[in-house]
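To keep things clear, I will list the structure first and then write my remarks on it.
The values are calculated or read from the model by the stated rules, or taken from the named source; none is laboratory data. The structure displayed is predicted, hence computed values, not measured ones. All Cβ positions, glycine included, derive from the backbone under ideal geometry; neighbour counts span all protein chains shown. Quick note on the areas: whole protein, heavy atoms, side chains included, nothing else; ligands and nucleic acids left out. Shrake-Rupley method; radii C 1.70, N 1.55, O 1.52, S 1.80 Å.
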Amino acid sequence: MKRILVSGGAGFIGSHLCTRLIEDGHDVICLDNLFTGSKENILHLMGNHHFEFVRHDVTYPYSAEVDEIYNLACPASPVHYQYDAIQTIKTSVMGAINMLGLAMRVNAKILQASTSEVYGDPMIHPQPESYWGNVNPIGIRSCYDEGKRCAETLFMDYHRQNNVRIKVIRIFNTYGPRMLANDGRVVSNFVVQALRNEDITIYGSGKQTRSFQYINDLIEGMIRMMATEDDFIGPVNIGNPNEFSILQLAEKVIELTHSKSRIVFKTLPHDDPKQRQPDITRAKEKLRWSPTVELEEGLIRMIEYFREHRV
Ligand code: NAD
Ligand code: UDP
């Protein structure tokens, strides 16, 4: 049994990770300020004496004796991370410094939940980890993209300078149960709109692409990455390489929900990446990992979840 800290543990990904770690027999501390996370997400764990929720903002230092840290704290939906851009970048940068400082003091292994956004609007397709990206440093997405890039830099420097045992994964668009109905990201938006028979809002022409990964595949990749030898630090892309246009996604959601929704086209936000697909060669080789849930199956599970929760 290990003592494991999950920052951002009450969010969408964090709550699934906490659940898996508890199932695997570990002691889990979930650190979260509940900005986009909720107690609902971790309600099923609250009575478990191996699970502890601590309301805390990672921009302030935190101390606990732990063996491993998963650093997930940071709003991930553009709507939420742009709501308070300064707090977003502080969360990524100061959160990384505080969590790395803790890892250093207690000699814990620490994994950073980085993102495909470090590639920005990519000029290379699909994106391998060796690609440095094409990121606007002064745009509306920069608080998130540059915050996450700086966090990766901090991880590498704490490793080089202080021998902190780090792991960096770059997560590509992930969806699944426990996303908030008002999360703002595309899969949850479309499923909720379809179930309510409301207009499905495509930003721009809908020709832009994303590669969507189901939550369970991501969690498996995270656990495998943390379990690798200390000399393997990443970064590693974790995502599903099957790429879809946003229009294809909208059509698929309408088909699976038998919705009466119409598709409507809205303004494309600034700096919206045109395409995105992970090259997962490294994850396959080093983690023996590849995704197992394809889009249709994952969407069906997510639709079921939102139906049960009566959105
Ligand atoms: P989410 O918004 O559901 O979860 C983020 C969690 O962090 C929330 O519970 C929120 O309350 C918490 N948080 C935010 N600021 C905090 C602070 N200052 N102190 C403490 N807690 C704070 O988003 P998610 O999709 O679960 O994303 C989790 C992590 O994975 C994020 O770091 C995100 O950047 C990364 N990621 C997610 C995706 C994806 O597609 N879901 C893709 C790439 C990277
Ligand atoms: N998008 C959309 N309608 C929505 C929400 C998002 O067309 O209601 C588009 C968005 O402009 C982007 C893609 O879907 O091109 C993915 O958006 P999301 O916010 O989920 O993730 P990210 O852009 O960070 O990959």
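General remarks:
- With all protein chains in place and ligands, DNA and RNA left out, the 1.4 Å accessible area ranks 4, 140 as 140, 4, largest first.
- Separation between Cα centres of segment 102-177 and segment 221-263, rounded to whole Å: 18
- Additional length obtainable on full extension of the chain from residue 311 to residue 229, 0.36 nm per residue less Cα span: 25.2 nm
- The calculated FRET efficiency for residue 130 paired with residue 20, based on their beta-carbon distance and R0 = 35 Å, is about 0.70.
- Cβ-Cβ distance of residue 163 and residue 281, R₀ of 25 Å, FRET efficiency by 1/(1 + (r/R0)^6): the value works out to about 0.35.
- Nearby lysines by direct alpha-carbon distance to residue 207 (threshold 19 angstrom, same-chain neighbours under 8 apart not counted): 252, 266, 274
- Local electrostatic count, residue 220, Cβ distance below 11 Å [Lys/Arg +1, Asp/Glu -1]: +2
- Heavy-atom surface of segment 1-138, accessible at 1.4 Å and reported per residue (Å²): 43
- Comparing Cα centroids, segment 279-311 and segment 14-93 end up 21 angstrom apart.
- Between residue 294 and residue 258, full extension at 0.36 nm per residue minus the direct alpha carbon distance yields a gain of 11.0 nm.
- In the chain, the calculated helix contribution to ellipticity at 222 nm averages -12000 deg cm²/dmol per residue, counting -39,500 (n - 2.57) for every DSSP H run with n ≥ 4.
- Straight-distance crosslink candidates among aspartates and glutamates, where the alpha carbon sits under 12 Å from residue 260 and sequence neighbours closer than 8 are dropped: 198, 199, 251
- Anisotropy class of the chain from Cα gyration tensor, a/c 1.5 cut: prolate
- Cut-off 15 Å (backbone N to label point 7 Å along Cα→Cβ of residue 266), residues of segment 66-92: 77-83
- Solvent-accessible area of the chain (1.4 angstrom probe, protein heavy atoms only): carbon and sulfur portion equals 50 percent.
- Each of residue 242 and residue 34 was given a label point 7 Å from its Cα along the Cα-to-Cβ line. The distance between the two points is 3.8 nm.
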